[in-house]
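Structure first, then comments.
The values are calculated or read from the model by the stated rules, or taken from the named source; none is laboratory data. For clarity, every value in this text was computed on a predicted model and none was experimentally measured. When we count neighbours, we look across all protein chains shown, and the Cβ atoms used for this are built from the backbone with ideal geometry, even at glycine.
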């Protein structure tokens, strides 16, 4: 009965949270741009102040990752994401094309169900809260059960800051008793309008199967190709820094290094200088047996743990300074489990003849479990870089940088985001780095550009161009002024 009671309590809690969020939504959607911006600024400021404490909570509760890196992830969500969205218009007329007579007007989507992972719990909560409220949406969070406390504290801090700055009570809520049943109840609740899902493949699949619009993310199986023209020492440093960042918990971190015969020994030496331990064949087999179950799924006990911890658990002797375990492999697929996503400081290592073979191998790795996500190339040959960009089934191609940090917009100029879409290749709704623009409905106000007679003449008589003809500037001005008065 206790388990049943917990399930019932968790479902009722979610219903109550959605009810509060719905009430908050009715007020939130009427706020001005200035009011929204003030609320989001207050949330970001409070998240910065709490970044260290929340990182400590996350590591203590989950046992996953590195405290210092979790601080940086919290700050990334609170600073980099905020700076990008700070001046974004999300209320009223957000774009105006006076020449064409088309105006775009933002509307919130409504209450959002936000599912957050155990790997990046507090930073994901900060990120999703900021982009959702910026778009005038209330949010109910369903955290991973192993990260319920730290996620709940993050949401509580953000909620207090938002309310103090003028947001309605209930604008943010978080389940304190997350279960599979309560998460399902949240996703299918009639008052939830959209799902923002970050987590395991099954959870993301459930979000897309809920009958609601959803933004989920696919898995990452990121190849890192070190081409012959690359600065090998820099490439090795970038790869190791990325792979060890928060013990490999960012899904865009490298999963396999691909190098050519021409630079394989140099790449290996450079990686060893960075603390990488290259495993012998029997050690590779031991690591495979420990890290992957018989059905091919990843052993959750390795996620976000250090290389030394994993080596010891797998019965492998590793020097104290070991940063990454490297498994030389000959193939890709079920017979080579370490060719999959590993979410830990463990890398596969491949040697190929040339860039064409590297190209084929990269595609194989992406097709195994990372379609649409990310790949990395280290090269000073612009032509080869462009060939990879054109031919690879990944929506983020990162050049000469740490993949984990480049993909989220840390070391690149990509949109700063903790939710990375994989497009239709990864069964996702978007290939973008998700932001407030994905959490708004957009109305379009359109003035006539031509008369019916002009349209007939164009269609039947072969008249070219002229689609923008007939716009009356004075009429446009009067109507826009009237719309703005009503919005104000």
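Odds and ends about this structure:
- The numbered conditions (1) in contact with a strand residue (DSSP E or B) (Cβ under 7 Å, 6 or more places away or on another chain); (2) crowded, with 23+ Cβ neighbours inside 10 Å; (3) at pLDDT 95 or above; (4) within 23 Å of residue 200 (Cα to Cα) are all true for residue 325 except (4).
- Qualifying residue in the range 195-203 (condition: assigned by TED's automatic domain parsing to the domain that holds residue 6, more than 30 Å from residue 370 (Cβ to Cβ) and either assigned to a loop (DSSP other than H, G, I, E, B) or touching a residue at least 24 places away in the same chain (Cβ under 8 Å) (or both)): no
- The test for being assigned to a strand (DSSP E or B) and either crowded, with 24+ Cβ neighbours inside 10 Å or not assigned by TED's automatic domain parsing to the domain that holds residue 141 (or both) holds for residue 113.
- Evaluation of residue 413 against (1) over 22 Å from residue 33 (Cα atoms); (2) surrounded by fewer than 15 Cβ atoms within 10 Å (Cβ to Cβ); (3) at pLDDT below 95 (one fails), failing number: (3)
- Residue list for the range 185-214, restricted to those being modelled with pLDDT of 95 or more and in contact with a helix residue (DSSP H, G or I) (Cβ under 8 Å, 6 or more places away or on another chain): 185, 186, 187, 189, 191, 192, 194, 195, 196
- Flag for residue 271 being part of a strand (DSSP E or B), in contact with a helix residue (DSSP H, G or I) (Cβ under 6 Å, 6 or more places away or on another chain) and outside the structural domain of residue 199 (by TED's automatic domain parsing): no
- In the range 267-289, the residues that are buried (at least 17 other Cβ atoms within 10 Å of the Cβ) and either within 20 Å of the chain's Cα centre (by Cα) or more than 26 Å from residue 63 (Cα to Cα) (or both): 267, 268, 270, 271
- Flag for residue 40 being modelled with pLDDT of 95 or more, part of a helix (DSSP H, G or I) and crowded, with 22+ Cβ neighbours inside 10 Å: yes
- Among the numbered conditions (1) closer than 30 Å to residue 332 by Cα; (2) modelled with pLDDT of 95 or more; (3) assigned to a helix (DSSP H, G or I); (4) in contact with a helix residue (DSSP H, G or I) (Cβ under 8 Å, 6 or more places away or on another chain), the only one that residue 161 does not meet is (1).
- Lone unmet requirement of (1) closer than 19 Å to residue 264 by Cα; (2) touching a residue at least 12 places away in the same chain (Cβ under 8 Å) for residue 364: (1)
- Across the range 307-322, the qualifying residues are those that are closer than 25 Å to residue 295 by Cβ and free of Cβ contacts under 8 Å to residues at least 24 places away in the same chain, and the one among them that is surrounded by the fewest Cβ atoms within 10 Å (Cβ to Cβ) is 312.
- Elements of type helices (runs of 4 or more DSSP H) contained in the range 305-403, each with 1 or more residues being over 30 Å from residue 58 (Cα atoms): 355-369, 382-391
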